[in-house]
Amino acid sequence: MYIVQIASECAPVIKAGGLGDVVYGLSRELEARGHCVELILPKYDCMRYDHIWGLHDAYRDLWVPWYDGEIHCSVYCGWVHGRVCFFIEPHSQDNFFNRGCYYGCEDDTMRFAFFSKAALQFLQHSNKRPDVIHCHDWQTGLVPVMLYEIFQYHGMGSQRVCYTIHNFKHQGFAGNELLAATGLNRPDHYFHYDRLRDNFNPFSLNLMKGGIVYSNAVTTVSPHHAWEASHTEVGCGLGHTLHLHQGKFSGILNGIDHDFWNPAGDRYIPYHYSREDFEEKHKNTKTLRERLMLDHADKPIIAYIGRLDGQKGVHLVHHAMYYALHRGAQFVLLGSATEPGINAHFWHEKHFLNNNPDVHLELGFNEELSHLIYAGADMIVVPSNFEPCGLTQMIGLMYGTVPIVRGVGGLVNTVFDRDYDQTKPPEERNGYVFYQSDYQALESAMDRAIGLWFEYPEEFRQLALQGMSYDYSWKHPAQAYIDLYDQIRCQ
């Protein structure tokens, strides 16, 4: 099968969040199974060029219709850790991708609308005819719209589109100018409720809604998040649209890269280990304490790794830190805040707790340190308000670090409560789950985990080993996508 991924990110060359990891990890697994995969990406000025091998001109004169004229583009090709990637560079005074950032500009909607059209224009003019085009999030929501409304009449009538939504919170809004720029025109047609008109603002087009309506299959990044998006406020206003298109909407759990996240061969940790020699993990715990100047005591280490913001349940992260100390545990935090107020609050906490030998706050992100924390900690807390999939808990399980999670999104699909889960037998349970977003619910789960560590250490060790037995690699998700691709090819 010939598959083209069109996305705004691909790790490690372009990475602002989990989207980049998914695009790269899925592409690599699809290729490993014998499929031909190519990626089309924007050529940002600030991307990691040191991760691209053999960058060269692939298509010099790509002219993309835009408003009443055309914008000249160059297309470059290079290999990103073995993946064939095409990078589109517009030569325009708009400097769409020469901003020193990936996102956050006032004209983001127009920037990625142009990229979507340029990607399709490149496929058309280079005579590339993939079986499936897989596009991601609002940035490429216009791809299936333009494919169906424009490009199918120019030699691309047999291509099928799979559209994956990683985060419903950001949907991409625009007005009439988007139609004029892309050549879609016909406002009466596209401002129809059954097409691109936003469900709540009749004067706005919604790019993510367009992706849902026009694509052949729609996925999100876990089965439970698919249910949440359809039936709760997590869908951010798109629940009715998903209901109308429920026959093509599903959730496929993301995977993690087992070559990069694997304690048996992790290049960032000093002592490698597996289920067979689990005791080696404790040497990493000792190293972590030395590096962060924590007290060498017979206490569990509870960790938090991730952003400090509303989505991640920042109020519960803060409470978890103090409750861990109250229960005689140690706490390590690695993360950066997305808002000035949250950032100031945690810097205040860092200074206040600076001399406490049982806590360390590392405000920022450090890839090497994150690996050591996963390997050295005993538990990892993930108290998210919402979590489409979540990679933290999967990585924690891989490293024998018991997750304590809130029962939302992909956390429900990956962590099964040791004491209360009814879907798994006791020998297959792997962590602790709480459901409410209040302090008491968090404390209840933490109390059970900490109590097991202190009072029944062998049972805690067994729980950690049960977590390590789970396979959350890309093997199963890739097969699910292949099955979905085959299904829409037959439509």
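The values are calculated or read from the model by the stated rules, or taken from the named source; none is laboratory data. No experiment lies behind these values; they were computed from the predicted model shown. FYI the Cβ positions are ideal-geometry reconstructions off the backbone, even for glycines, and counts take in every protein chain you see.
Some observations on this one:
- Contacts under 6 angstrom Cβ, first residue in the stretch 284-311 being assigned by TED's automatic domain parsing to the domain that holds residue 406 and within 17 Å of residue 268 (Cβ to Cβ), partner among the hydroxyl-bearing types (Ser, Thr, Tyr) and buried (at least 17 other Cβ atoms within 10 Å of the Cβ), 6 or more apart: 284/271; 305/370; 305/392
- Residue within the stretch 130-151 that is more than 20 Å from residue 198 (Cα to Cα), crowded, with 21+ Cβ neighbours inside 10 Å and charged (D, E, K, R) present: no
- Condition check for residue 357: outside any helix (DSSP H, G or I), crowded, with 24+ Cβ neighbours inside 10 Å and in contact (Cβ under 8 Å) with a residue 12 or more places away in the chain: no
- Leading residue by the ranking (farthest from residue 87 (Cα to Cα)) among those in the stretch 2-38 that are without any contact (Cβ under 8 Å) to a residue 60 or more places away in the chain and in contact with a Phe, Trp or Tyr (Cβ under 7 Å, 6 or more places away or on another chain): 36
- Test: residue in the stretch 375-386 that is more than 22 Å from the chain's Cα centre (by Cα), among the acidic types (Asp, Glu) and part of a strand (DSSP E or B): no
- Some residue of the stretch 441-450 being closer than 22 Å to residue 232 by Cβ and of a type in the set (Val, Ile, Thr): no
- Residue match in the stretch 182-192 (condition: touching a residue at least 60 places away in the same chain (Cβ under 8 Å), more than 25 Å from the chain's Cα centre (by Cα) and not in a loop (DSSP other than H, G, I, E, B)): yes
- Among the residues of the stretch 195-210, at least one is buried (at least 23 other Cβ atoms within 10 Å of the Cβ), of a type outside the set (A, V, I, L, M) and closer than 25 Å to residue 26 by Cβ.
- Options 20, 54; residue that is in the same structural domain as residue 162 (by TED's automatic domain parsing) and at pLDDT 95 or above: 54
- Close pairs from the stretch 119-131: first under 16 Å from residue 60 (Cβ atoms), partner crowded, with 21+ Cβ neighbours inside 10 Å and modelled with pLDDT of 95 or more, Cβ under 6 Å, at least 6 apart: 121/64; 122/62; 122/75
- Listed by first and then second residue, the pairs with beta-carbon distance under 9 Å, at least 6 apart or on different chains, first residue in the stretch 403-417 and farther than 19 Å from residue 168 by Cβ, second among the acidic types (Asp, Glu), are 405/387; 415/421; 416/428.
- The stretch 78-103 residues that are closer than 16 Å to residue 7 by Cβ, paired with ones that are in a loop (DSSP other than H, G, I, E, B) and of a type in the set (Asp, Glu) (beta carbon under 9 Å, 6 or more apart): 96/107; 97/45; 102/9
- Qualifying positions in the stretch 1-46 - more than 13 Å from the chain's Cα centre (by Cα), surrounded by 22 or more Cβ atoms within 10 Å (Cβ to Cβ) and assigned to a loop (DSSP other than H, G, I, E, B): 13, 43
- Close pairs from the stretch 462-491: first under 15 Å from residue 261 (Cβ atoms) and touching a residue at least 40 places away in the same chain (Cβ under 8 Å), partner part of a helix (DSSP H, G or I) and among the polar types (S, T, N, Q), Cβ under 8 Å, at least 6 apart: 470/414; 472/414
- Residue, nearest to residue 473 (Cα to Cα), within the stretch 265-291, restricted to residues that are within 24 Å of the chain's Cα centre (by Cα) and surrounded by fewer than 18 Cβ atoms within 10 Å (Cβ to Cβ): 265
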